[in-house]
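Below is one structure, written out as structure tokens, with a few remarks after it.
The values are calculated or read from the model by the stated rules, or taken from the named source; none is laboratory data. Just so we're clear, the structure is a prediction, and the values are computed from it rather than from any experiment. Cβ coordinates were reconstructed from backbone atoms using ideal geometry, including for glycine residues, and neighbour counts include every protein chain displayed.
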Amino acid sequence: MRGNLAKTFHLTNLQVFRHAVAPKSYTDLLGRKLFLALLTIQGLGAFALITLGVILKKHRVARSVVQPRIRHEINRAGVALLPMFIFIALALGFLVVGQTVSALAKVGATDYLGSTMVIVIVRELGPLLTAVLVLARVGTANVIELGTARALGEVEALEALGIDPVHYLIVPRVIGMALGIFSLTIYLIIGALASGWVFAFLQDVPLTPGDYFKQIAEALGWLDFALLALKTLAFGFFIAIVTCYHGLAQPLRLEDVSRVAVRAVTQGVIVCVLLDAVFIVLYLVT
Amino acid sequence: MNETTINPAVVEMREASVSALRDTTLTVLENVNWSVLPGEFWVVAGQPQSGKSDLLMTAAGLLLPARGSCRVFGCETNAFGEAQLAERLRVGLVFAGGQLFSQLTVAENVALPLRYQKNLSAAEAAPAVAALLEMLELTPFADRTPANLAAQWRSRAALARALILKPELLLLDNPLAGLGTRTHQWLLTFLDQLWRGHEWFGGQPMTIVASTDDFRPWRHSGRKFAVLDEKKFFELGAWSAVEAARSPAVKELLAEPQEFSS
């Protein structure tokens, strides 16, 4: 309940530090920022674990209410963004892939085409770009919706009705965003690679579609598929956690919502970059 | 066998300190000793910011007492968890502003607790929702969102949402605030029907606790009254005790609002 939530996330400490008078020395300021960052990480970690617990424990609870909400979130974080992602895939293909193919062809390095495409598009650009775009489009909306609901007392109303706010508000968003980012990344990668070849073809690069896609297929290993799935699901999970945490897990007033939205997006980008770094290490190790 | 065993209190606070909802480190009421027995109708009055809402939130188990204990249907609210969900659902809470879910229509708002707790589809919940909306004269507004409703209909929708699970204890936070005299009368009559046993609830009398910042509309011989003043909870008893009270706080809550003079 309310008191327990506040204790779990040490919100009082967070608020005290955020609203305290600015320290006079830079070292004190740095110390405060560091402490705030640690408290935020602690809060995010606790929130992520609570959400995971609720997903596992309550997957059979109120399915007739929660499943339509999950479908709605998949639509919002996936299907509804498809037109935008088709455009981005075409643009990415023309701007990046086409030029890379053309440049490699000029220096006679088309043998490296497959591995270059896999590293640039499949491993890095596809997942990261998708995550950042979904964060901007859906993550921001999450913070604003949940922050407004929190400020208007709707979360207390859910608790009064015996409805777990994490189950009703967070779980559908987390699942929807994880599946949405996973699916959109696949479409983005396929779209970018296909449009990249079209661009290369228009530039008279002597490369047949068969050779082009054969090289890419040969450069792809089972690990790429596994890590791509893991990475995109992790991006979706953590973006949803960060945005929902800032919208829901702290007492808000209406005037706080915009400030919190900016903070959530910034932290969302940082989380994506950190996760990406973790996966780079995984790629290098395996 | 003592009286408590035969007739356990619906809400029982012992030496309870009530925290503020917005900042749980602040204490708004101290040493509250209060027992609400089944079938009682309590009216708790206090000035704005006196802790009325926080007291009701504590009684509903949404806020933990900073000190002391609060039992609801014999269950310590500190221990309220998933296992005690059935006890929590015996309590209905109507918030001061309604706190309806802004993204849902009135009918969806009312249906949500029923659908969630009993895992029903919208079609399965529809008959019960329609009957309750009809009873509260909300049928014409069923498909509207809260933002498109007048305050009186929002408060009725909030009442309908709290009643859909047929609670045994109904807590209403300042239900008459911002409503016109006609709506006052309708609501007081309806609450009286609930208290005596409404047919929709199988004629079972309901325990009711309402908070207010004006005693006068609640004058009724069968109700019990209490006042919040200077962080204290004072039990007054029947209406005659309210009228006989000499406390300035009670007199102020009984006084006609002063006209603004330029």
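Taken together, the residues in the range B:170-194 that are over 21 Å from B:Gly46 (Cα atoms), among the polar types (S, T, N, Q) and within 13 Å of the chain's Cα centre (by Cα) amount to 0.
Taking the criterion of being basic (Lys, Arg), more than 19 Å from B:Asp192 (Cβ to Cβ) and more than 13 Å from the chain's Cα centre (by Cα), the only residue of the range B:153-169 that qualifies is B:Arg154.
When the residues of the range B:215-235 are filtered to those that are assigned to a loop (DSSP other than H, G, I, E, B) and in contact (Cβ under 8 Å) with a residue 24 or more places away in the chain, the one that is surrounded by the fewest Cβ atoms within 10 Å (Cβ to Cβ) is B:Gly222.
When B:Val18, B:Val10 are checked against the criterion of being over 30 Å from B:Arg144 (Cα atoms), in contact with a Pro (Cβ under 8 Å, 6 or more places away or on another chain), crowded, with 19+ Cβ neighbours inside 10 Å and more than 12 Å from chain A (Cβ to nearest Cβ), a single residue qualifies: B:Val10.
Look at A:Tyr26 and say whether it is aromatic (Phe, Trp, Tyr) and surrounded by 12 or more Cβ atoms within 10 Å (Cβ to Cβ).
When the stated conditions are applied, A:Tyr26 does not pass them.
Being away from chain B (no Cβ under 13 Å), closer than 16 Å to A:Val260 by Cβ and either modelled with pLDDT of 95 or more or in a helix (DSSP H, G or I) (or both) is the requirement here; does A:Val174 meet it? Judged against the criteria, A:Val174 is not a match. Filter the range A:191-220 for residues that are within 17 Å of A:Asp111 (Cα to Cα) and not in a helix (DSSP H, G or I) and give the result. Within the range A:191-220, A:Val205, A:Pro206, A:Leu207, A:Thr208, A:Leu220 qualify.
Which condition number does B:Arg144 fail, the rest of (1) within 14 Å of chain A (Cβ to nearest Cβ); (2) over 22 Å from B:Asn174 (Cβ atoms); (3) basic (Lys, Arg) being met? Condition (1) is where B:Arg144 drops out. Of the helices (runs of 4 or more DSSP H) contained entirely in the range A:102-155, those carrying at least 1 residues that are within 25 Å of the chain's Cα centre (by Cα) and within 14 Å of another protein chain (Cβ to nearest Cβ) fall at A:140-151. Where helices (runs of 4 or more DSSP H) fall wholly inside the range B:122-210, the ranges with 3 or more residues that are over 29 Å from B:Thr58 (Cβ atoms) and either of a type in the set (Asp, Glu) or modelled with pLDDT of 95 or more (or both) are B:122-135. Of A:Leu92, A:Leu81, A:Leu56, A:Leu52, which residue is more than 18 Å from A:Gly180 (Cβ to Cβ) and crowded, with 18+ Cβ neighbours inside 10 Å? Exactly one of A:Leu92, A:Leu81, A:Leu56, A:Leu52 is more than 18 Å from A:Gly180 (Cβ to Cβ) and crowded, with 18+ Cβ neighbours inside 10 Å, namely A:Leu92. The criterion of being farther than 25 Å from B:Asn78 by Cβ, at pLDDT 85 or above, away from chain B (no Cβ under 12 Å) and surrounded by fewer than 17 Cβ atoms within 10 Å (Cβ to Cβ) holds for A:Phe35.
Please verify whether B:Leu159 is more than 10 Å from chain A (Cβ to nearest Cβ), over 16 Å from A:Glu156 (Cα atoms) and of a type in the set (A, V, I, L, M), treating the condition exactly as stated. Let's see the steps before the verdict.
Values: more than 10 Å from chain A (Cβ to nearest Cβ): yes; over 16 Å from A:Glu156 (Cα atoms): no; of a type in the set (A, V, I, L, M): yes.
No.
Being more than 30 Å from B:Ser19 (Cβ to Cβ) and among the hydrophobic types (A, V, I, L, M, F, W, C) holds for only one residue in B:Phe190, B:Phe215, and it is B:Phe190.
Conditions (1) more than 10 Å from every other protein chain (Cβ to nearest Cβ); (2) at positive phi; (3) of a type in the set (A, V, I, L, M); (4) buried (at least 19 other Cβ atoms within 10 Å of the Cβ), marked per residue:
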position	(1), (2), (3), (4)
B:Thr77	no, no, no, yes
B:Leu89	no, no, yes, no
B:Ala96	no, no, yes, no
B:Asn109	no, no, no, yes
B:Gln117	no, no, no, yes
B:Pro127	yes, no, no, no
B:Ala130	yes, no, yes, no
B:Leu133	yes, no, yes, yes
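Pick from the range B:57-75 the residues that are more than 10 Å from every other protein chain (Cβ to nearest Cβ) and touching a residue at least 60 places away in the same chain (Cβ under 8 Å): which of them is farthest from the chain's Cα centre (by Cα)? Looking at the filtered set, the residue picked out is B:Gly74.
For the range B:231-255, give me each residue that is acidic (Asp, Glu) and either at pLDDT 90 or above or touching a Lys or Arg at 6+ places or on another chain (Cβ under 8 Å) (or both).
Scanning the range B:231-255 gives a single hit, B:Glu235.
Take the range A:184-238 and flag every residue that is of a type in the set (Ser, Thr, Tyr) and buried (at least 16 other Cβ atoms within 10 Å of the Cβ). Show your work before the answer.
The first filter runs over the range A:184-238 and keeps only residues of a type in the set (Ser, Thr, Tyr), leaving A:185, A:187, A:195, A:208, A:212, A:232.
Correct list: A:Thr185, A:Tyr187, A:Ser195, A:Tyr212, A:Thr232.
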